[in-house]
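Taken together, the values in this text are just the output of simple stated rules run on the coordinates, not laboratory data. Note that the coordinates shown come from a computational prediction; the quantities given were computed from them, not determined experimentally. Here the Cβ positions follow ideal geometry from the backbone for every residue, glycine too, while neighbour counts run over all protein chains shown.
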Amino acid sequence: GAGVSQSPRYKVAKRGQDVALRCDPISGHVSLFWYQQALGQGPEFLTYFQNEAQLDKSGLPSDRFFAERPEGSVSTLKIQRTQQEDSAVYLCASSGTGDFYGYTFGSGTRLTVV
Amino acid sequence: KQEVTQIPAALSVPEGENLVLNCSFTDSAIYNLQWFRQDPGKGLTSLLLIQSSQREQTSGRLNASLDKSSGRSTLYIAASQPGDSATYLCAVPNTGANSKLTFGKGITLSVRP
């Protein structure tokens, strides 16, 4: 596609509920990133995929967070047993290879845990 | 560990003013630096990407400069308009071109008509 697509745009979850957030990167982009953005803050890195391999998951805040990209394209970020502190905007970004490629971000999923 | 700082957190200017947004980073060994715009409730839109070998990049009324040795970048906006009101974030990759980004907290700009 022309851009990075994320769904849903908004998600309200009751505390304890599991959620799944989807990211569809730009076709052919090898690298895919997930970021978490709390209100009034810059995005914070969560995890990174190169094709289907998850090369860095050091930013995942707990073992309730899980991400996958099984076929090297679409990625899903899953949060189990959601807590109020998980409320944030979750951003996905993809990039191609080469020196002059920047990052293209999706519009994000705003998760509110009530 | 790389740290990116953007000060002030918010800025309000009258329409038509030229303005400069600052970004500083602690580790000067950066690969590139990218400026983004974020509208309320929206994702990030890339504005300008400056490679480490470049001094500046221009796009329309926007000009971004990079001084690696001093750990600074500036985003210059000429003849500001109300439509420029948004949050502006700068970010640097941790290692190479496609590594995770470290962001500043952003500067929220309000351009008054």
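Quick notes
- Only one entry of B:Leu49, B:Leu89 meets the criterion of being out of contact with any helix residue (DSSP H, G or I) (no Cβ under 6 Å at 6 or more places or on another chain), farther than 26 Å from B:Arg112 by Cβ and either within 14 Å of chain A (Cβ to nearest Cβ) or of a type in the set (Phe, Trp, Tyr) (or both), and that entry is B:Leu49.
- Residue within the range A:94-112 that is in contact with a Ser or Thr (Cβ under 9 Å, 6 or more places away or on another chain), surrounded by fewer than 16 Cβ atoms within 10 Å (Cβ to Cβ), among the β-branched types (Val, Ile, Thr) and over 22 Å from B:Pro93 (Cα atoms) present: yes
- Of the strands (runs of 3 or more DSSP E) lying entirely inside the range B:1-92, the ones with 1 or more residues being among the aromatic types (Phe, Trp, Tyr) and surrounded by 15 or more Cβ atoms within 10 Å (Cβ to Cβ) are found at B:19-25, B:32-38, B:72-77.
- Residue among A:Thr97, A:Thr76, A:Thr104 that alone is in contact (Cβ under 8 Å) with a residue 40 or more places away in the chain and more than 13 Å from the chain's Cα centre (by Cα): A:Thr97
Residue by residue, here is whether (1) touching a Lys or Arg at 6+ places or on another chain (Cβ under 9 Å); (2) more than 13 Å from every other protein chain (Cβ to nearest Cβ); (3) without any contact (Cβ under 8 Å) to a residue 12 or more places away in the chain; (4) over 19 Å from A:Arg110 (Cβ atoms) holds:
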residue	(1), (2), (3), (4)
A:Ala2	no, yes, no, yes
A:Asp18	yes, yes, no, no
A:Gly40	yes, no, yes, no
A:Phe45	yes, no, no, no
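- Hits in the range A:59-104 - residues which are facing chain B (nearest Cβ under 9 Å), of a type in the set (S, T, N, Q) and part of a loop (DSSP other than H, G, I, E, B): A:Thr97
- From the list B:Gly83, B:Gly43, B:Gly60, B:Gly71, the one residue that fits, being of a type in the set (Gly, Ala, Ser) and within 14 Å of chain A (Cβ to nearest Cβ), is B:Gly43.
- B:Arg55 vs. criteria among the basic types (Lys, Arg) and more than 20 Å from A:Ala93 (Cβ to Cβ): yes
- Filtered by the rule that a residue be of a type outside the set (Lys, Arg), assigned to a loop (DSSP other than H, G, I, E, B) and either closer than 30 Å to A:Thr97 by Cβ or touching a Pro at 6+ places or on another chain (Cβ under 8 Å) (or both), the range A:9-30 gives A:Pro25, A:Ile26, A:Ser27, A:Gly28, A:His29, A:Val30.
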